[in-house]
1. What are the pairs, 6+ residues apart or on separate chains, where a residue within segment 104-120 that is in a helix (DSSP H, G or I) has its Cβ under 6 Å from a residue that is not aromatic (Phe, Trp, Tyr)?
2. Checking ASN85 against (1) in contact with a Pro (Cβ under 8 Å, 6 or more places away or on another chain); (2) free of Cβ contacts under 8 Å to residues at least 24 places away in the same chain, which test does it fail?
3. If you scan segment 22-63, which residues turn out to be in contact with a strand residue (DSSP E or B) (Cβ under 7 Å, 6 or more places away or on another chain) and among the small types (Gly, Ala, Ser)?
4. Does PHE207 satisfy the condition of being crowded, with 19+ Cβ neighbours inside 10 Å, within 23 Å of ASN38 (Cα to Cα) and not hydroxyl-bearing (Ser, Thr, Tyr)?
5. Tell me, which residue of segment 82-103 that is of a type in the set (S, T, N, Q) and in a helix (DSSP H, G or I) is surrounded by the fewest Cβ atoms within 10 Å (Cβ to Cβ)?
6. Can you tell me how many residues in segment 211-232 are surrounded by fewer than 17 Cβ atoms within 10 Å (Cβ to Cβ) and hydroxyl-bearing (Ser, Thr, Tyr)?
7. Looking only at segment 36-75, which residues are more than 20 Å from ILE205 (Cα to Cα), among the acidic types (Asp, Glu) and either surrounded by fewer than 17 Cβ atoms within 10 Å (Cβ to Cβ) or more than 14 Å from the chain's Cα centre (by Cα) (or both)?
8. Given the structure, is ASN56 more than 21 Å from ILE168 (Cβ to Cβ) and part of a loop (DSSP other than H, G, I, E, B)?
Amino acid sequence: MSTIILSCHTIENMKIAIISDVHANFPALDAISKELENVDAIIHAGDLIGYNPFPNRTIEIFRRLQIISVAGNHDRGIKSPDMFNFCTSSLEVLKWTAERLTKENETYINQLPSEHQLIVDNYTILVVHGAPNHPNRYIYPTDLTLDLLEDVSDEVDMLVWGHTHYPIMTKIEGVILLNPGSVGQPRDGDWRASYAIFNTRNSSIEFKRRDYNIQTLVNKARKEDFPQQIINSIPKQI
């Protein structure tokens with residue numbers, strides 16, 4: 001696990017964007033990119049790719065904005081798709097993605113770590129995709145118990161994860177537990193891109209939603225002959 005130290009050179013007051021599960025949804029990521037450009041750092045809890053048809057454009061934004069990301073199961077699946085229990089349609093999209101990634105973007109994906117520890121001003125943040133030491137485990141609201149922190153160092157002030165595509169924020173034993181929801185494929189009934197902004201000055205966390213042009217996503221998926229099951233899974237604009 002790598003440790004990254006982030007600090008503000010003026011005062012201890014940093015705005016950190018926390019995102020997850022973009023899943024190659026370039027229109028959604030592009031819709032929030034203006035705000036991402038105006039924060040001090042961006043953390044992503046895994047799954048840059050999978051499900052959606054804009055893998056290269058998505059990764060290029062990650063590289064340009066220097067987003068700090070861990071690997072999700074779809075990201076790790078590029079190298080070893082058969083090691084994961086992907087359904088047939090998801091596996092088909094993953095193989096489509098692998099055939100189209102540029103060499104630079106494939107290298108970027110394959111070098112992502114499974115965990116990141118960041119020191120941000122006075123906060124130590126652990127970033128994973130599923131659960132600490134269990135990257136494929138899903139953590140739902142019913143799983144927010146003290147047992148979740150068994151594999152977390154006493155020094156950690158915030159645990160950030162993704163994978164469920166469901167926004168969650170609570171605190172257990174003084175540790176902030178945060179899932180920002182999914183930028184690319186929310187599953188909480190709200191179709192808009194979900195993300196969070198953490199302000200270190202007052203420990204505030206603000207969940208945000210942003211709409212985007214879903215039809216662009218649908219049209220591209222159809223053009224690339226994506227499985228109908230995948231097209232049907234694209235959140236419906238309501």
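The values are calculated or read from the model by the stated rules, or taken from the named source; none is laboratory data. Since the structure is predicted, the reported quantities are computational estimates derived from the model, not experimental observations. Heads up, the Cβs are rebuilt from the backbone with ideal geometry, glycines too, and the neighbour counts pull from every protein chain shown.
1. ASN105/ASN56; ASN105/ILE59; TYR108/ILE59; ILE109/ASP75; ILE109/ILE78; ASN110/LYS79
2. Failed condition: (1).
3. ALA28, ALA31, ALA41, ALA45, GLY46, listed by residue number.
4. Working: crowded, with 19+ Cβ neighbours inside 10 Å: no; within 23 Å of ASN38 (Cα to Cα): yes; not hydroxyl-bearing (Ser, Thr, Tyr): yes.
No; evaluated as a whole, the condition is false for this residue.
5. Restricting to residues being of a type in the set (S, T, N, Q) and in a helix (DSSP H, G or I), the top hit is THR88.
6. 1
7. First, pick out the residues of segment 36-75 that are more than 20 Å from ILE205 (Cα to Cα): 47-66, 70-75.
Still in the list and also among the acidic types (Asp, Glu): 47, 60, 75.
The one that is more than 20 Å from ILE205 (Cα to Cα), among the acidic types (Asp, Glu) and either surrounded by fewer than 17 Cβ atoms within 10 Å (Cβ to Cβ) or more than 14 Å from the chain's Cα centre (by Cα) (or both): GLU60.
8. Against the criterion (more than 21 Å from ILE168 (Cβ to Cβ) and part of a loop (DSSP other than H, G, I, E, B)), ASN56 does not qualify.
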